[in-house]
């Protein structure tokens, strides 16, 4: 195969949207309302309907989305927030922004999401260190929702709020509930490579809580009150760009179509590769949006497999090569129990393959054949 294989082919989606996207972008440009224009409100309303949630609030990026939630909950030094270690840095980063302490928990070895069995261990560790545990941030990693029933029960039993970080999982479904409608607050990212991405940075907070929503709308515009020169709290500058909202309106309109296409791609991978590698499994009564398609292979063979696939023209990625609690900036923060053995193990075994809704069958067949041949040759 001589064609270039894209790990995520954003250009194919651009071609699919075509003139509709051109029209939407130029309409926003010609209207001239570049900051908080009407497209922002329209997109927020469409998100509310899609997620079946009362409030959707656009902001500048997915990291800010989590930060705004923590600010709305007045997180401060001495507070502890329980987070998984096997995730992107922003999940814990925003906790540290506010001087609070992330307490890391382990993950389930199948879903790669927060293991609810570790939550009591994290609570005990925080108490041991003299911290007030105030909340939990669960992550919908690789597109699959976290196991929310036991997480929500834990939060209710201990008087904690819950943030569902659905940057990779927006559009996923957990036992009949859509992402965005789960947790005290939910967040997402519109980074271009995300399942629902824009052409720059963007993010959103979703919640059913009127007071939280009002506070976040204030916080994202410098803490404004009745107008932008009446600042009633210390806030930030974190508005969703009008042009990005215009783009997202068109992308959201075809999002269910794209999610369905991702299911087909994931199904083909499963059929072709489940006998040669540990393929991802989705929990019962749940839907993944397949932000990534992640295999697990032998730690001693992974680099050879990556090199072999690269030689055949197949791109791969490793999410994540090191859990947060082993990274320099986060190594001082507490971990639950006697360590996080699953997080530490899988970071040496995971390997993600190209995944997007426009992955053609012939290209995917080539990828699968290359994976099978490479694994066989590595032995």
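The values are calculated or read from the model by the stated rules, or taken from the named source; none is laboratory data. Predicted, not measured: the structure shown is a model, and the values here were computed from it. So basically every Cβ, Gly included, is an ideal-geometry build from the backbone, and we count neighbours across all protein chains shown.
Annotations
- Sole exception among (1) under 30 Å from residue 358 (Cα atoms); (2) outside the structural domain of residue 356 (by TED's automatic domain parsing); (3) touching a residue at least 60 places away in the same chain (Cβ under 8 Å); (4) out of contact with any helix residue (DSSP H, G or I) (no Cβ under 8 Å at 6 or more places or on another chain) for residue 244, by number: (3)
- Residues that are under 11 Å from the mean Cα position of the chain (by Cα) and part of a loop (DSSP other than H, G, I, E, B) within segment 180-196 comprise 190, 191, 193, 194, 195, 196, listed in sequence order.
- Out of 74, 54, one residue alone is free of Cβ contacts under 8 Å to residues at least 24 places away in the same chain and within 23 Å of residue 135 (Cα to Cα). It is 74.
- In segment 247-286, the residue that is surrounded by the most Cβ atoms within 10 Å (Cβ to Cβ) out of those that are in contact with a strand residue (DSSP E or B) (Cβ under 7 Å, 6 or more places away or on another chain) and in a loop (DSSP other than H, G, I, E, B) is 280.
- For residue 159: the one exception among (1) more than 30 Å from residue 12 (Cβ to Cβ); (2) touching a residue at least 24 places away in the same chain (Cβ under 8 Å): (2)
- Within segment 351-379, considering residues that are out of contact with any strand residue (DSSP E or B) (no Cβ under 9 Å at 6 or more places or on another chain) and not in a helix (DSSP H, G or I), the one nearest to residue 274 (Cα to Cα): 379
- Filter pass, residue 289 being in a loop (DSSP other than H, G, I, E, B) and either without any contact (Cβ under 8 Å) to a residue 60 or more places away in the chain or assigned by TED's automatic domain parsing to the domain that holds residue 372 (or both): yes
- Within segment 301-325, being touching a residue at least 60 places away in the same chain (Cβ under 8 Å) and in a helix (DSSP H, G or I) holds for 304, 305, 308, 309, 324, 325.
- If the condition is being on the phi > 0 side of the Ramachandran plot and touching a strand residue (DSSP E or B) at 6+ places or on another chain (Cβ under 7 Å), then segment 1-56 contributes only 52.
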